[in-house]
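The values are calculated or read from the model by the stated rules, or taken from the named source; none is laboratory data. Values in this document were obtained by computation on a predicted structure and should not be read as measured data. Note that we place each Cβ from the backbone using ideal geometry, even for glycine, and neighbour counts take in every protein chain shown. We work out accessible area using only protein heavy atoms, side chains counted, and drop any ligands, DNA or RNA first. Shrake-Rupley method; radii C 1.70, N 1.55, O 1.52, S 1.80 Å.
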Amino acid sequence: MESVSAVFAGTALALFGAALLIWTGARALHRAPVAHGVSPVASTALTTLFGVVFLGLGVWCYTLV
């Protein structure tokens, strides 16, 4: 039963991380702001960092199966 939870959590985290990275890349490619009212460099860097962290956590959950 624990493997089902790990697969669900891994899928949710990996999908969110990948979507966050794709969205950030698309916004940066079009030179659109990633977050309004924040430094463009800081918002892009933090969003990329969190996307990689969530993607890494999703892959880590898959190793627990």
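Apolar share of the accessible surface for the chain: 77 percent from carbon plus sulfur atoms, 1.4 Å probe. Counting Cα-Cα pairs of the chain in 5 Å increments starting at 0 gives whole-percent bin shares of 4, 21, 22, 18, 12, 10, 7, 5, 1, 0.
Do the sum for the chain: with -39,500 (n - 2.57) for every DSSP H run of n ≥ 4, divided by all residues, what is the mean residue ellipticity at 222 nm, to the nearest 500 deg cm²/dmol?
-28500 deg cm²/dmol
Distance between the pseudo-spin-label points of Val4 and Ala42 (7 Å out from Cα toward the beta carbon): 4.5 nm.
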